[in-house]
1. Any residue at all in the range 153-165 that's out of contact with any helix residue (DSSP H, G or I) (no Cβ under 9 Å at 6 or more places or on another chain) and charged (D, E, K, R)?
2. Out of the residues in the range 427-478 that are more than 17 Å from His368 (Cβ to Cβ) and in contact with a Pro (Cβ under 9 Å, 6 or more places away or on another chain), state the one that is modelled with the lowest pLDDT.
3. Residues that are in contact with a strand residue (DSSP E or B) (Cβ under 6 Å, 6 or more places away or on another chain) and assigned to a loop (DSSP other than H, G, I, E, B): does the range 143-158 have at least one?
4. Based on this model, can you work out whether Glu487 counts as of a type outside the set (A, V, I, L, M, F, W, C) and either part of a loop (DSSP other than H, G, I, E, B) or open to solvent by 30 Å² or more (accessible area, probe 1.4 Å) (or both)?
5. Identify the residue in the range 381-395 that is part of a helix (DSSP H, G or I) and open to solvent by 80 Å² or more (accessible area, probe 1.4 Å) and, among all such residues, is modelled with the highest pLDDT.
6. Out of (1) part of a helix (DSSP H, G or I); (2) in contact with a Gly (Cβ under 6 Å, 6 or more places away or on another chain), the odd one out for Gln479 is which?
7. Go through (1) out of contact with any strand residue (DSSP E or B) (no Cβ under 9 Å at 6 or more places or on another chain); (2) open to solvent by 10 Å² or more (accessible area, probe 1.4 Å); (3) not charged (D, E, K, R) one by one and return the number of the condition Val449 breaks.
8. Take the range 83-95 and flag every residue that is over 26 Å from the mean Cα position of the chain (by Cα) and on the phi < 0 side of the Ramachandran plot.
Amino acid sequence: MNFRLAQLSIPEHTPPMITELGIANFKAFGEMQRVPIKPLTLIFGPNASGKSSIIQTLLLARHGMYADEKESSLGPGLDGGVHLGGFPNFVHKQDRSRNVVVRLETAKKEGAYLDLDGDSRESNPLQQCSRFAIELQFGLPEEGKVPKAMAALPHVRLLDIFMDGRRAVSLHGCYGSCNCRMVDSDHPLLEASLATILKWSLSSSKEPLEQQLRELARRRLAARLSEANFRAEILGEGASVSAADLLKDEPSLGEVSIESELAVLKQVFSKAMVGRLFLLLATRLQDLGPYNGHNRQIWDEWLNRGDGTEGFDDRPDGSLTTFFKYHREEEEDAENWWPEAQAICHNLGRLIEEFTDQITRSLSSVHHLGPVRRVPGRHDWRIGAYEPREDEKVNEWLGKLGTCYLRKTRRWIAEQDPAVDQAVNPPPTLFEPLLHDTGTNTVLSVHDVGFGIGQVLPILESAAALRERLIAIEQPEAQLHPAQQAELGDIFIESALGERKNTFILETHSEHLILRIMRRIRDTTKGGDALPKGLPSVRPRDVAVLYVERQGDHSIVREMPLNESGELVKAWPGGFFEESFNEMFA
(Lines give C-alpha, C1' and ligand atoms only; values in the text may rest on other atoms or scores of the structure.)
Protein backbone atom coordinates (compact mmCIF):
# COMPACT_ATOMS: atom_id res chain seq x y z
CA MET A 1 0.00 0.00 0.00
CA ASN A 2 1.18 3.51 -0.81
CA PHE A 3 -0.05 6.59 1.00
CA ARG A 4 -0.68 9.37 -1.47
CA LEU A 5 -1.40 13.07 -1.52
CA ALA A 6 -4.74 13.01 0.28
CA GLN A 7 -2.93 11.78 3.38
CA LEU A 8 -1.10 15.10 3.69
CA SER A 9 -2.96 17.18 6.25
CA ILE A 10 -3.50 20.88 5.69
CA PRO A 11 -3.46 22.75 9.02
CA GLU A 12 -6.21 25.28 9.65
CA HIS A 13 -3.77 28.01 10.68
CA THR A 14 -0.62 27.82 8.59
CA PRO A 15 2.55 29.61 9.70
CA PRO A 16 4.62 32.08 7.68
CA MET A 17 6.95 30.39 5.23
CA ILE A 18 10.71 30.35 5.48
CA THR A 19 11.77 33.51 3.65
CA GLU A 20 15.51 32.90 3.40
CA LEU A 21 17.88 29.96 3.53
CA GLY A 22 21.57 30.17 4.33
CA ILE A 23 24.05 27.36 3.52
CA ALA A 24 27.71 26.88 4.40
CA ASN A 25 30.08 23.89 4.41
CA PHE A 26 27.48 21.68 2.74
CA LYS A 27 28.55 19.68 -0.31
CA ALA A 28 29.73 22.19 -2.97
CA PHE A 29 29.02 25.24 -0.79
CA GLY A 30 31.90 26.52 1.36
CA GLU A 31 31.31 30.07 2.59
CA MET A 32 27.80 31.12 3.61
CA GLN A 33 25.46 31.51 0.63
CA ARG A 34 22.19 33.43 0.86
CA VAL A 35 19.14 31.89 -0.82
CA PRO A 36 16.06 34.16 -0.77
CA ILE A 37 12.79 32.23 -0.98
CA LYS A 38 9.90 33.94 -2.75
CA PRO A 39 6.52 32.48 -3.81
CA LEU A 40 8.25 31.52 -7.07
CA THR A 41 11.93 30.66 -6.63
CA LEU A 42 13.75 29.34 -9.69
CA ILE A 43 17.26 27.89 -9.45
CA PHE A 44 19.40 27.71 -12.58
CA GLY A 45 22.98 26.72 -13.23
CA PRO A 46 25.22 24.16 -14.95
CA ASN A 47 25.10 20.50 -14.01
CA ALA A 48 26.96 19.58 -10.80
CA SER A 49 27.06 23.23 -9.69
CA GLY A 50 25.03 22.64 -6.52
CA LYS A 51 21.44 23.46 -7.50
CA SER A 52 19.98 20.31 -5.97
CA SER A 53 22.01 20.90 -2.80
CA ILE A 54 19.80 23.89 -2.00
CA ILE A 55 16.72 21.66 -1.88
CA GLN A 56 18.68 18.98 -0.03
CA THR A 57 19.57 21.53 2.65
CA LEU A 58 15.86 22.03 3.37
CA LEU A 59 15.34 18.28 3.45
CA LEU A 60 18.31 17.88 5.78
CA ALA A 61 16.89 20.51 8.16
CA ARG A 62 13.50 18.81 8.08
CA HIS A 63 15.11 15.42 8.62
CA GLY A 64 16.71 16.78 11.79
CA MET A 65 13.22 17.18 13.21
CA TYR A 66 12.38 13.52 12.83
CA ALA A 67 15.73 11.74 13.31
CA ASP A 68 15.54 8.48 15.22
CA GLU A 69 18.47 9.49 17.41
CA LYS A 70 18.33 12.28 19.97
CA GLU A 71 16.35 15.33 18.95
CA SER A 72 19.44 17.28 17.93
CA SER A 73 21.05 14.44 15.96
CA LEU A 74 20.98 14.58 12.19
CA GLY A 75 21.07 11.17 10.56
CA PRO A 76 22.22 10.27 7.05
CA GLY A 77 18.99 9.19 5.33
CA LEU A 78 16.42 11.48 3.71
CA ASP A 79 13.14 10.83 1.98
CA GLY A 80 12.12 11.59 -1.59
CA GLY A 81 14.84 9.40 -3.08
CA VAL A 82 17.61 11.48 -1.48
CA HIS A 83 20.26 9.76 0.61
CA LEU A 84 23.27 11.84 1.61
CA GLY A 85 25.31 8.92 2.91
CA GLY A 86 26.28 10.34 6.30
CA PHE A 87 28.02 13.45 7.57
CA PRO A 88 31.49 12.70 6.11
CA ASN A 89 29.92 12.50 2.65
CA PHE A 90 28.01 15.79 2.62
CA VAL A 91 30.29 18.09 4.64
CA HIS A 92 32.25 20.42 2.32
CA LYS A 93 35.41 18.78 0.96
CA GLN A 94 34.62 15.81 3.25
CA ASP A 95 36.44 17.70 6.00
CA ARG A 96 35.10 16.18 9.24
CA SER A 97 36.45 19.06 11.32
CA ARG A 98 34.03 21.52 9.69
CA ASN A 99 30.55 22.41 10.88
CA VAL A 100 27.74 22.33 8.35
CA VAL A 101 25.77 25.57 8.71
CA VAL A 102 22.07 25.97 7.95
CA ARG A 103 20.36 29.32 8.48
CA LEU A 104 16.55 29.55 8.37
CA GLU A 105 14.85 32.94 8.38
CA THR A 106 11.16 33.75 8.66
CA ALA A 107 9.20 37.00 8.68
CA LYS A 108 6.35 38.02 10.91
CA LYS A 109 3.10 38.19 9.00
CA GLU A 110 1.65 41.65 8.61
CA GLY A 111 -0.60 42.49 11.54
CA ALA A 112 0.53 39.46 13.58
CA TYR A 113 0.91 39.91 17.33
CA LEU A 114 3.44 37.76 19.16
CA ASP A 115 2.28 35.84 22.22
CA LEU A 116 4.30 37.74 24.82
CA ASP A 117 3.47 38.42 28.47
CA GLY A 118 2.89 41.81 30.02
CA ASP A 119 1.12 44.86 28.67
CA SER A 120 2.00 46.82 25.55
CA ARG A 121 4.42 49.05 27.47
CA GLU A 122 6.70 46.08 28.12
CA SER A 123 6.15 43.91 25.06
CA ASN A 124 6.07 46.59 22.35
CA PRO A 125 9.84 46.74 21.72
CA LEU A 126 10.09 42.97 21.14
CA GLN A 127 6.84 43.05 19.17
CA GLN A 128 8.70 45.14 16.59
CA CYS A 129 10.84 42.16 15.56
CA SER A 130 9.91 41.62 11.91
CA ARG A 131 12.61 39.13 10.81
CA PHE A 132 13.88 36.19 12.83
CA ALA A 133 16.49 33.58 11.96
CA ILE A 134 18.14 30.59 13.56
CA GLU A 135 21.56 29.51 12.37
CA LEU A 136 22.49 25.93 13.25
CA GLN A 137 26.05 24.67 13.09
CA PHE A 138 26.26 20.93 13.41
CA GLY A 139 29.16 18.58 13.15
CA LEU A 140 30.91 15.62 14.72
CA PRO A 141 31.78 15.86 18.44
CA GLU A 142 35.36 16.53 19.47
CA GLU A 143 37.44 13.40 19.71
CA GLY A 144 37.38 11.86 23.18
CA LYS A 145 34.53 14.09 24.38
CA VAL A 146 31.72 11.54 23.94
CA PRO A 147 31.43 7.74 24.12
CA LYS A 148 32.77 5.93 21.08
CA ALA A 149 29.25 4.84 20.05
CA MET A 150 28.26 8.49 19.63
CA ALA A 151 31.45 9.70 17.95
CA ALA A 152 30.02 9.28 14.44
CA LEU A 153 26.72 11.07 15.20
CA PRO A 154 26.61 14.72 14.17
CA HIS A 155 24.91 17.04 16.62
CA VAL A 156 24.12 20.74 16.91
CA ARG A 157 27.23 22.43 18.27
CA LEU A 158 26.34 26.10 17.92
CA LEU A 159 23.04 27.88 17.43
CA ASP A 160 22.70 31.62 16.87
CA ILE A 161 19.53 33.71 17.07
CA PHE A 162 19.16 36.67 14.71
CA MET A 163 16.53 39.38 15.11
CA ASP A 164 16.06 41.86 12.27
CA GLY A 165 19.27 40.61 10.68
CA ARG A 166 21.52 41.08 13.72
CA ARG A 167 22.81 38.32 16.03
CA ALA A 168 21.11 38.66 19.41
CA VAL A 169 21.83 35.39 21.23
CA SER A 170 24.46 32.69 20.79
CA LEU A 171 23.88 29.21 22.19
CA HIS A 172 26.29 26.33 22.69
CA GLY A 173 24.73 23.00 21.75
CA CYS A 174 24.93 19.70 23.52
CA TYR A 175 22.92 16.56 22.76
CA GLY A 176 19.32 17.59 23.36
CA SER A 177 19.91 21.06 24.86
CA CYS A 178 21.62 24.40 24.35
CA ASN A 179 23.19 26.76 26.89
CA CYS A 180 23.25 30.49 26.28
CA ARG A 181 26.84 31.67 26.09
CA MET A 182 26.40 35.21 24.70
CA VAL A 183 23.65 37.81 24.51
CA ASP A 184 23.97 41.15 22.75
CA SER A 185 22.38 43.60 25.20
CA ASP A 186 23.20 46.40 22.73
CA HIS A 187 20.82 44.89 20.19
CA PRO A 188 18.32 47.69 19.40
CA LEU A 189 15.26 45.60 20.29
CA LEU A 190 16.70 44.32 23.56
CA GLU A 191 18.08 47.71 24.56
CA ALA A 192 14.70 49.32 23.87
CA SER A 193 12.95 46.70 26.01
CA LEU A 194 15.34 47.22 28.90
CA ALA A 195 15.06 51.00 28.62
CA THR A 196 11.26 50.74 28.73
CA ILE A 197 11.38 48.59 31.86
CA LEU A 198 13.86 50.99 33.51
CA LYS A 199 11.81 54.11 32.77
CA TRP A 200 8.62 52.51 34.05
CA SER A 201 10.30 51.34 37.24
CA LEU A 202 11.66 54.81 37.94
CA SER A 203 8.40 56.56 37.09
CA SER A 204 6.44 54.33 39.47
CA SER A 205 8.02 56.03 42.50
CA LYS A 206 6.99 59.39 43.90
CA GLU A 207 10.58 60.26 44.82
CA PRO A 208 12.56 62.68 42.60
CA LEU A 209 14.37 60.91 39.76
CA GLU A 210 17.83 62.05 40.88
CA GLN A 211 17.23 60.71 44.39
CA GLN A 212 16.08 57.35 42.98
CA LEU A 213 19.18 57.07 40.80
CA ARG A 214 21.50 57.88 43.69
CA GLU A 215 19.75 55.30 45.88
CA LEU A 216 20.07 52.66 43.14
CA ALA A 217 23.79 53.37 42.80
CA ARG A 218 24.29 53.29 46.57
CA ARG A 219 22.49 49.95 46.96
CA ARG A 220 24.36 48.45 44.05
CA LEU A 221 27.70 49.58 45.47
CA ALA A 222 26.83 48.18 48.88
CA ALA A 223 25.85 44.85 47.37
CA ARG A 224 29.08 44.59 45.38
CA LEU A 225 31.17 45.57 48.39
CA SER A 226 29.46 42.99 50.58
CA GLU A 227 29.96 40.25 47.98
CA ALA A 228 33.64 41.14 47.47
CA ASN A 229 34.42 41.09 51.17
CA PHE A 230 32.47 37.86 51.66
CA ARG A 231 34.60 36.19 49.00
CA ALA A 232 37.77 37.61 50.55
CA GLU A 233 36.97 36.49 54.09
CA ILE A 234 35.09 33.23 53.60
CA LEU A 235 36.23 31.91 50.27
CA GLY A 236 39.79 33.15 50.47
CA GLU A 237 39.78 34.82 47.07
CA GLY A 238 42.02 37.73 47.97
CA ALA A 239 42.11 40.83 50.15
CA SER A 240 38.96 42.73 51.03
CA VAL A 241 38.18 45.82 49.02
CA SER A 242 37.00 49.28 49.96
CA ALA A 243 34.21 51.39 48.56
CA ALA A 244 36.88 53.65 47.06
CA ASP A 245 38.30 50.71 45.10
CA LEU A 246 34.91 49.86 43.69
CA LEU A 247 34.13 53.46 42.80
CA LYS A 248 36.95 53.32 40.25
CA ASP A 249 34.65 51.22 38.05
CA GLU A 250 31.41 52.96 39.01
CA PRO A 251 30.00 56.38 38.17
CA SER A 252 30.20 58.63 41.20
CA LEU A 253 27.02 59.06 43.16
CA GLY A 254 26.80 62.58 41.81
CA GLU A 255 27.03 61.46 38.18
CA VAL A 256 24.42 58.73 38.07
CA SER A 257 21.93 58.95 35.21
CA ILE A 258 19.35 56.90 33.39
CA GLU A 259 22.08 56.01 30.87
CA SER A 260 24.42 54.70 33.59
CA GLU A 261 21.63 52.68 35.21
CA LEU A 262 20.60 51.30 31.81
CA ALA A 263 24.19 50.13 31.35
CA VAL A 264 23.95 48.30 34.68
CA LEU A 265 20.60 46.78 33.78
CA LYS A 266 22.07 45.55 30.48
CA GLN A 267 24.90 43.88 32.40
CA VAL A 268 22.45 42.19 34.76
CA PHE A 269 20.31 41.12 31.81
CA SER A 270 23.33 39.51 30.14
CA LYS A 271 24.18 37.78 33.41
CA ALA A 272 20.60 36.48 33.70
CA MET A 273 20.75 35.10 30.14
CA VAL A 274 24.22 33.53 30.07
CA GLY A 275 23.97 29.93 31.19
CA ARG A 276 20.23 29.86 30.56
CA LEU A 277 19.08 26.46 29.28
CA PHE A 278 17.08 25.93 26.10
CA LEU A 279 15.72 22.56 25.11
CA LEU A 280 16.50 21.67 21.50
CA LEU A 281 13.42 19.71 20.56
CA ALA A 282 12.96 18.91 16.85
CA THR A 283 14.68 22.16 15.77
CA ARG A 284 12.34 24.12 18.06
CA LEU A 285 13.93 25.98 20.96
CA GLN A 286 12.00 25.93 24.21
CA ASP A 287 13.15 28.28 26.96
CA LEU A 288 13.72 26.44 30.23
CA GLY A 289 14.63 29.53 32.23
CA PRO A 290 13.70 29.83 35.93
CA TYR A 291 10.38 31.61 35.29
CA ASN A 292 9.28 29.62 32.23
CA GLY A 293 7.69 26.85 34.29
CA HIS A 294 5.85 29.05 36.78
CA ASN A 295 2.44 27.97 38.01
CA ARG A 296 0.05 28.97 35.25
CA GLN A 297 -2.87 29.32 37.63
CA ILE A 298 -0.97 31.83 39.75
CA TRP A 299 0.05 33.69 36.60
CA ASP A 300 -3.54 33.87 35.29
CA GLU A 301 -4.80 35.04 38.68
CA TRP A 302 -2.17 37.77 38.68
CA LEU A 303 -3.09 38.97 35.18
CA ASN A 304 -6.72 39.19 36.28
CA ARG A 305 -5.89 41.33 39.32
CA GLY A 306 -6.25 45.08 39.48
CA ASP A 307 -8.49 45.47 42.49
CA GLY A 308 -5.90 47.11 44.71
CA THR A 309 -5.58 44.10 46.98
CA GLU A 310 -3.57 44.93 50.08
CA GLY A 311 0.07 43.93 49.86
CA PHE A 312 0.51 44.77 46.19
CA ASP A 313 1.17 48.51 46.69
CA ASP A 314 0.28 50.98 43.96
CA ARG A 315 0.61 49.09 40.65
CA PRO A 316 -1.27 45.76 40.65
CA ASP A 317 -1.81 46.17 36.89
CA GLY A 318 -1.05 42.62 35.76
CA SER A 319 2.09 43.73 33.94
CA LEU A 320 5.10 41.50 33.52
CA THR A 321 7.31 43.86 35.51
CA THR A 322 4.87 43.91 38.42
CA PHE A 323 4.61 40.14 38.39
CA PHE A 324 8.36 39.71 38.71
CA LYS A 325 8.59 42.51 41.24
CA TYR A 326 6.53 40.45 43.66
CA HIS A 327 7.76 36.99 42.70
CA ARG A 328 11.52 37.41 43.01
CA GLU A 329 13.51 34.83 44.91
CA GLU A 330 15.17 36.05 48.11
CA GLU A 331 18.68 35.03 47.13
CA GLU A 332 18.42 37.09 43.95
CA ASP A 333 17.67 40.39 45.71
CA ALA A 334 21.35 41.36 45.71
CA GLU A 335 21.02 42.45 42.08
CA ASN A 336 18.89 45.56 42.11
CA TRP A 337 17.55 45.11 38.59
CA TRP A 338 17.20 41.32 38.70
CA PRO A 339 13.38 41.10 38.43
CA GLU A 340 13.35 43.54 35.50
CA ALA A 341 16.17 41.65 33.77
CA GLN A 342 14.30 38.38 34.28
CA ALA A 343 11.16 39.92 32.81
CA ILE A 344 12.94 40.67 29.53
CA CYS A 345 14.66 37.24 29.61
CA HIS A 346 11.26 35.64 29.92
CA ASN A 347 9.75 37.51 26.96
CA LEU A 348 12.86 36.98 24.85
CA GLY A 349 12.52 33.26 25.56
CA ARG A 350 8.86 33.44 24.51
CA LEU A 351 9.81 35.24 21.29
CA ILE A 352 12.49 32.66 20.46
CA GLU A 353 10.09 29.80 21.16
CA GLU A 354 7.31 31.27 19.03
CA PHE A 355 9.47 32.10 16.01
CA THR A 356 11.36 28.80 16.05
CA ASP A 357 7.99 27.07 16.26
CA GLN A 358 7.00 28.91 13.07
CA ILE A 359 10.20 27.79 11.35
CA THR A 360 9.63 24.21 12.49
CA ARG A 361 6.08 24.16 11.17
CA SER A 362 7.30 25.64 7.90
CA LEU A 363 9.91 22.89 7.61
CA SER A 364 7.28 20.26 8.31
CA SER A 365 5.27 21.65 5.39
CA VAL A 366 8.04 20.94 2.84
CA HIS A 367 6.74 18.73 0.02
CA HIS A 368 9.51 17.34 -2.19
CA LEU A 369 9.23 15.98 -5.72
CA GLY A 370 12.49 14.59 -7.08
CA PRO A 371 13.73 14.65 -10.68
CA VAL A 372 12.10 11.25 -11.33
CA ARG A 373 8.59 11.21 -9.89
CA ARG A 374 7.04 7.97 -8.68
CA VAL A 375 4.26 6.94 -11.02
CA PRO A 376 1.15 6.25 -8.89
CA GLY A 377 0.31 2.60 -8.39
CA ARG A 378 -2.72 1.09 -10.09
CA HIS A 379 -4.39 1.16 -6.68
CA ASP A 380 -3.30 3.65 -4.02
CA TRP A 381 -4.60 3.96 -0.47
CA ARG A 382 -5.77 7.45 0.44
CA ILE A 383 -6.94 8.59 3.87
CA GLY A 384 -9.75 11.07 4.38
CA ALA A 385 -12.41 12.64 2.22
CA TYR A 386 -11.98 12.76 -1.53
CA GLU A 387 -11.99 16.28 -2.97
CA PRO A 388 -13.60 16.40 -6.47
CA ARG A 389 -12.24 19.92 -7.07
CA GLU A 390 -8.75 18.42 -7.18
CA ASP A 391 -9.71 16.45 -10.31
CA GLU A 392 -11.38 19.53 -11.80
CA LYS A 393 -8.29 21.70 -11.44
CA VAL A 394 -5.90 18.96 -12.61
CA ASN A 395 -8.08 18.43 -15.69
CA GLU A 396 -8.13 22.15 -16.42
CA TRP A 397 -4.33 22.18 -16.33
CA LEU A 398 -4.04 18.99 -18.41
CA GLY A 399 -6.06 20.85 -21.05
CA LYS A 400 -3.70 23.85 -20.90
CA LEU A 401 -0.79 21.47 -21.41
CA GLY A 402 -2.47 20.34 -24.64
CA THR A 403 -3.07 16.72 -23.63
CA CYS A 404 -6.10 14.63 -24.60
CA TYR A 405 -6.48 13.22 -21.10
CA LEU A 406 -8.82 13.85 -18.20
CA ARG A 407 -8.02 12.58 -14.73
CA LYS A 408 -10.62 10.32 -13.18
CA THR A 409 -10.63 8.69 -9.77
CA ARG A 410 -12.55 5.49 -9.12
CA ARG A 411 -13.48 5.13 -5.48
CA TRP A 412 -13.77 1.88 -3.54
CA ILE A 413 -14.72 1.65 0.12
CA ALA A 414 -12.55 -0.89 1.89
CA GLU A 415 -15.14 -1.97 4.46
CA GLN A 416 -15.06 -5.62 3.38
CA ASP A 417 -11.29 -5.97 3.14
CA PRO A 418 -10.14 -8.27 6.02
CA ALA A 419 -6.69 -6.66 5.88
CA VAL A 420 -8.14 -3.28 6.85
CA ASP A 421 -8.67 -2.31 10.47
CA GLN A 422 -12.43 -1.93 10.64
CA ALA A 423 -12.12 0.13 13.82
CA VAL A 424 -10.87 3.06 11.72
CA ASN A 425 -13.64 5.62 11.35
CA PRO A 426 -14.15 6.49 8.60
CA PRO A 427 -12.69 3.35 7.02
CA PRO A 428 -9.85 3.78 4.52
CA THR A 429 -10.94 4.24 0.94
CA LEU A 430 -9.23 2.71 -2.08
CA PHE A 431 -8.85 5.07 -5.02
CA GLU A 432 -7.87 3.94 -8.48
CA PRO A 433 -6.20 6.78 -10.43
CA LEU A 434 -7.26 6.69 -14.07
CA LEU A 435 -7.03 8.83 -17.21
CA HIS A 436 -9.83 9.26 -19.72
CA ASP A 437 -8.51 9.51 -23.30
CA THR A 438 -10.97 11.89 -24.93
CA GLY A 439 -9.65 11.03 -28.36
CA THR A 440 -10.41 7.31 -28.19
CA ASN A 441 -13.01 7.54 -25.41
CA THR A 442 -11.16 4.92 -23.39
CA VAL A 443 -10.21 4.81 -19.72
CA LEU A 444 -6.55 4.01 -19.05
CA SER A 445 -4.25 3.49 -16.11
CA VAL A 446 -1.47 6.04 -15.69
CA HIS A 447 0.87 3.13 -16.43
CA ASP A 448 -0.63 2.82 -19.92
CA VAL A 449 0.15 6.35 -21.18
CA GLY A 450 3.33 8.21 -22.06
CA PHE A 451 6.01 8.60 -19.41
CA GLY A 452 5.82 12.39 -19.55
CA ILE A 453 2.19 12.42 -18.38
CA GLY A 454 3.08 10.19 -15.43
CA GLN A 455 5.90 12.59 -14.52
CA VAL A 456 3.84 15.78 -14.65
CA LEU A 457 0.77 14.40 -12.84
CA PRO A 458 2.38 14.51 -9.35
CA ILE A 459 3.26 18.16 -9.99
CA LEU A 460 -0.29 19.03 -11.01
CA GLU A 461 -1.77 17.10 -8.08
CA SER A 462 0.52 18.86 -5.60
CA ALA A 463 -0.18 22.30 -7.04
CA ALA A 464 -3.95 21.63 -6.98
CA ALA A 465 -4.35 19.91 -3.60
CA LEU A 466 -1.83 21.62 -1.31
CA ARG A 467 -2.27 25.02 0.34
CA GLU A 468 0.31 27.29 1.95
CA ARG A 469 2.99 24.64 1.61
CA LEU A 470 6.62 24.85 0.55
CA ILE A 471 6.85 22.67 -2.56
CA ALA A 472 10.36 21.83 -3.82
CA ILE A 473 10.54 20.29 -7.30
CA GLU A 474 13.61 19.12 -9.18
CA GLN A 475 13.41 19.31 -12.97
CA PRO A 476 9.66 20.03 -13.28
CA GLU A 477 10.07 20.23 -17.05
CA ALA A 478 11.33 16.63 -17.37
CA GLN A 479 9.82 14.75 -20.33
CA LEU A 480 7.77 17.79 -21.48
CA HIS A 481 8.11 19.57 -24.80
CA PRO A 482 8.84 23.36 -24.85
CA ALA A 483 5.22 24.56 -25.13
CA GLN A 484 4.22 22.47 -22.08
CA GLN A 485 7.21 23.76 -20.13
CA ALA A 486 5.97 27.30 -20.73
CA GLU A 487 2.43 26.40 -19.63
CA LEU A 488 3.86 25.03 -16.38
CA GLY A 489 4.86 28.61 -15.61
CA ASP A 490 1.20 29.69 -15.53
CA ILE A 491 0.30 26.68 -13.37
CA PHE A 492 2.95 27.58 -10.80
CA ILE A 493 1.82 31.23 -10.83
CA GLU A 494 -1.80 30.24 -10.16
CA SER A 495 -0.90 27.85 -7.34
CA ALA A 496 1.57 30.26 -5.70
CA LEU A 497 -0.16 33.63 -6.07
CA GLY A 498 -3.78 32.51 -6.26
CA GLU A 499 -5.91 31.24 -3.40
CA ARG A 500 -3.62 28.28 -2.58
CA LYS A 501 -0.65 30.49 -1.60
CA ASN A 502 1.96 27.77 -2.07
CA THR A 503 5.67 28.56 -2.26
CA PHE A 504 7.64 26.84 -5.04
CA ILE A 505 11.36 26.14 -5.18
CA LEU A 506 12.07 24.93 -8.71
CA GLU A 507 15.45 23.51 -9.68
CA THR A 508 15.34 23.72 -13.47
CA HIS A 509 17.14 24.14 -16.78
CA SER A 510 14.03 25.31 -18.64
CA GLU A 511 14.39 28.59 -20.51
CA HIS A 512 10.73 28.33 -21.55
CA LEU A 513 9.54 28.19 -17.95
CA ILE A 514 11.36 31.36 -16.87
CA LEU A 515 10.40 33.20 -20.08
CA ARG A 516 6.71 32.57 -19.38
CA ILE A 517 7.02 33.95 -15.84
CA MET A 518 8.93 36.99 -17.14
CA ARG A 519 6.18 37.53 -19.70
CA ARG A 520 3.51 37.48 -16.98
CA ILE A 521 5.42 40.16 -15.07
CA ARG A 522 5.27 42.33 -18.19
CA ASP A 523 1.56 41.57 -18.57
CA THR A 524 0.96 42.62 -14.95
CA THR A 525 2.81 45.90 -15.53
CA LYS A 526 0.78 46.62 -18.68
CA GLY A 527 -2.46 46.04 -16.77
CA GLY A 528 -5.87 45.82 -18.42
CA ASP A 529 -6.55 42.55 -20.18
CA ALA A 530 -2.91 41.66 -20.77
CA LEU A 531 -3.05 38.82 -18.22
CA PRO A 532 -5.13 35.75 -19.12
CA LYS A 533 -8.47 35.64 -17.31
CA GLY A 534 -8.19 34.11 -13.83
CA LEU A 535 -4.38 34.32 -13.66
CA PRO A 536 -3.15 36.37 -10.66
CA SER A 537 -0.78 39.29 -11.01
CA VAL A 538 2.96 38.65 -10.87
CA ARG A 539 5.45 41.27 -9.72
CA PRO A 540 9.25 41.16 -9.39
CA ARG A 541 8.92 40.88 -5.59
CA ASP A 542 7.10 37.55 -6.07
CA VAL A 543 9.94 35.91 -8.02
CA ALA A 544 13.50 34.98 -7.06
CA VAL A 545 15.78 33.90 -9.90
CA LEU A 546 19.00 32.31 -8.66
CA TYR A 547 22.06 31.18 -10.57
CA VAL A 548 24.44 28.65 -9.01
CA GLU A 549 27.96 28.33 -10.39
CA ARG A 550 31.32 26.95 -9.47
CA GLN A 551 34.17 29.22 -8.46
CA GLY A 552 37.30 27.22 -7.89
CA ASP A 553 36.69 24.57 -5.25
CA HIS A 554 33.29 25.86 -4.10
CA SER A 555 29.95 27.08 -5.46
CA ILE A 556 28.25 30.43 -5.09
CA VAL A 557 24.65 31.59 -5.46
CA ARG A 558 23.91 34.72 -7.49
CA GLU A 559 20.55 36.48 -7.27
CA MET A 560 19.32 37.66 -10.68
CA PRO A 561 16.84 40.51 -10.05
CA LEU A 562 13.95 41.20 -12.41
CA ASN A 563 12.47 44.61 -13.23
CA GLU A 564 8.85 45.64 -13.84
CA SER A 565 9.26 44.77 -17.52
CA GLY A 566 10.08 41.19 -16.65
CA GLU A 567 13.69 41.61 -17.73
CA LEU A 568 16.84 40.56 -15.93
CA VAL A 569 18.62 43.57 -14.47
CA LYS A 570 21.95 41.93 -15.30
CA ALA A 571 22.92 39.35 -17.93
CA TRP A 572 23.15 35.61 -17.26
CA PRO A 573 26.65 34.68 -16.07
CA GLY A 574 28.79 32.93 -18.66
CA GLY A 575 26.30 33.35 -21.48
CA PHE A 576 23.76 30.93 -19.98
CA PHE A 577 20.80 30.36 -22.34
CA GLU A 578 22.69 31.75 -25.37
CA GLU A 579 23.03 28.36 -27.05
CA SER A 580 20.02 28.80 -29.37
CA PHE A 581 21.34 32.17 -30.60
CA ASN A 582 24.81 30.74 -31.18
CA GLU A 583 23.45 27.70 -33.06
CA MET A 584 21.35 29.85 -35.40
CA PHE A 585 23.85 32.60 -36.15
CA ALA A 586 27.26 30.93 -35.76
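The values are calculated or read from the model by the stated rules, or taken from the named source; none is laboratory data. Keep in mind it's a predicted model, so treat the numbers as computed, not measured. Every residue, glycine among them, receives a Cβ derived from its backbone with ideal geometry; neighbour counts consider all protein chains shown. Only protein heavy atoms, including side chains, enter the accessible area calculation; ligands, DNA and RNA are left aside. Shrake-Rupley method; radii C 1.70, N 1.55, O 1.52, S 1.80 Å.
1. Taking the range 153-165 and keeping what is out of contact with any helix residue (DSSP H, G or I) (no Cβ under 9 Å at 6 or more places or on another chain), we get 155, 157-160, 162, 165.
Subset that is charged (D, E, K, R): 157, 160.
So far as the range 153-165 goes, yes, one or more of its residues are out of contact with any helix residue (DSSP H, G or I) (no Cβ under 9 Å at 6 or more places or on another chain) and charged (D, E, K, R).
2. Pro433
3. Scanning the range 143-158, I find at least one residue that is in contact with a strand residue (DSSP E or B) (Cβ under 6 Å, 6 or more places away or on another chain) and assigned to a loop (DSSP other than H, G, I, E, B), so the answer is yes.
4. Judged against the criteria, Glu487 is a match.
5. Glu392
6. It fails just one condition, (1).
7. (1)
8. Here is the first cut: in the range 83-95, the ones over 26 Å from the mean Cα position of the chain (by Cα) are 93-95.
The one that is over 26 Å from the mean Cα position of the chain (by Cα) and on the phi < 0 side of the Ramachandran plot: Asp95.
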